[in-house]
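Data first, discussion second: the structure below is written as structure tokens.
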Amino acid sequence: MENQNQDYTYQNVVQIEDADQSRKFIASVFLWMFVALGLSAAFAYVFSVTPSLLALIFDITPTGIHFTGLGLLAMFAPLVFVLIMRFGMNRISYGVLTILFIAYAAITGISLTIILLYFTASSVLGVFLTTSVVFGIMAIAGYTTNTDLTKFGSILIMLLIGIIVATLLNALLLHDSGLAMLINYIGVAVFVGLTAYHVQKLKRIGAGIEYGDASTKKLALMGGLTLYLDFINLFIRLMLIFGRRR
């Protein structure tokens, strides 16, 4: 009986320690996500209200808004940064990874300036608040649920790949506005689900590590990047559905 009590006490201590480590890790993950969102919002706003900066990335004419060469670079550069961070995480230092993360958030913000140009300020704010509420609800659901979302997440990732392919085909060949709107609705559902899946996955990662060294800090930063991408993509899809054009 004494041995059983000792085992039970040990299990409780381990569970408490795992939960504490998980909370520290998740807190760091969300901190990085908020840093990225803040940087992106700041750069998008500054570029949208500064004509000299705006002229660097957009050529605004009576017929419409067109990207300059630098603007096109700003549109595609974030993808390069993400690939470098994901595939080079184990080979580059925490400091370099942090610089890449900050640069990525800033350039993404610059590329999002077009949203502030095309849509009214009230609709941007409204959709941002809606995205925040939906994201928050799904993040809490993912953190608190006891249901294993692994299989669910695998399906969502396959759907995400399908959305990317369908978006490219529609943009390059079909030019179907109805299909584009359908893709946006499916995209909202996918990123809502991915938010819960990724939060649960990060919670489990945090419970299995001792947070504090450079390698775990890298994991937290990359976790922040993952949630940031979920939030931004959810925001963009909702903006394309509900945003009011100027």
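Values quoted throughout were computed directly from the atomic coordinates according to the rules given, and no laboratory measurement underlies them. Quantities reported herein were computed from a predicted structural model and do not represent experimental measurements. Note that we place each Cβ from the backbone using ideal geometry, even for glycine, and neighbour counts take in every protein chain shown.
So what's the Cα pair-distance distribution over region 150-206, bin width 10 Å, in %?
In whole percents, the pair-distance histogram is 23, 44, 22, 9, 1.
Near LYS217, which lysines are there with a Cα under 19 Å away, not counting those fewer than 8 places off in the same chain?
Correct list for LYS217: LYS24, LYS201, LYS203.
With the alpha-carbon atoms as the only input, what is the per residue convex hull volume for region 19-165 in Å³?
Given the Cα convex hull of region 19-165, per-residue volume reads 161 Å³.
Taking the Cα centre of region 2-242 as origin, sum charge times position over the Cβ atoms of Lys and Arg (+1) and Asp and Glu (-1), and report the length of that vector in debye to the nearest 20.
Charge dipole of region 2-242: 340 debye, to the nearest 20.
Report Rg(Cα)/(2.2 N^0.38 Å) for region 116-246, keeping two decimals.
Ratio of Rg to 2.2 N^0.38 Å for region 116-246: 1.18.
Report the one residue of PHE76, GLN200, ILE60 whose Cα lies farthest in the direction of the positive end of the charge dipole of the chain (charges on C-beta: Lys and Arg +1, Asp and Glu -1; origin at the Cα centre).
In the chain, that residue is ILE60.
Please determine, in degrees from 0 to 90 and to the nearest 10, the orientation of helix 214-242 with respect to the longest principal axis defined by the Cα atoms of the chain, where the helix direction is its Cα long axis.
On a 0 to 90 degree scale, this one is about 40.
What do you get for the angle between helix 2-49 and the principal long axis of the chain? Use alpha-carbon atoms, 0 to 90 degrees, nearest ten.
It works out to around 10 degrees.
Working from the pairwise distances between different alpha carbons, so that the mean of 1/r is found and then inverted, what is region 13-72's Kirkwood radius in Å?
Mean inverse Cα-Cα distance, inverted, gives 14.7 Å.
Using the beta-carbon distance between THR63 and ARG244 and R0 = 22 Å, what value does 1/(1 + (r/R0)^6) give for FRET efficiency, to the nearest 0.05? Could the numbers behind the result be given before it?
Numbers: r = 21 Å, r/R0 = 0.96.
It comes out at approximately 0.55.
Per residue and in cubic angstrom, what volume does the convex hull of the Cα atoms of region 182-224 have?
56
As an exercise, take the mean of 1/r over every pair of distinct alpha carbons in the chain, invert it, and state the Kirkwood radius in angstroms.
19.8
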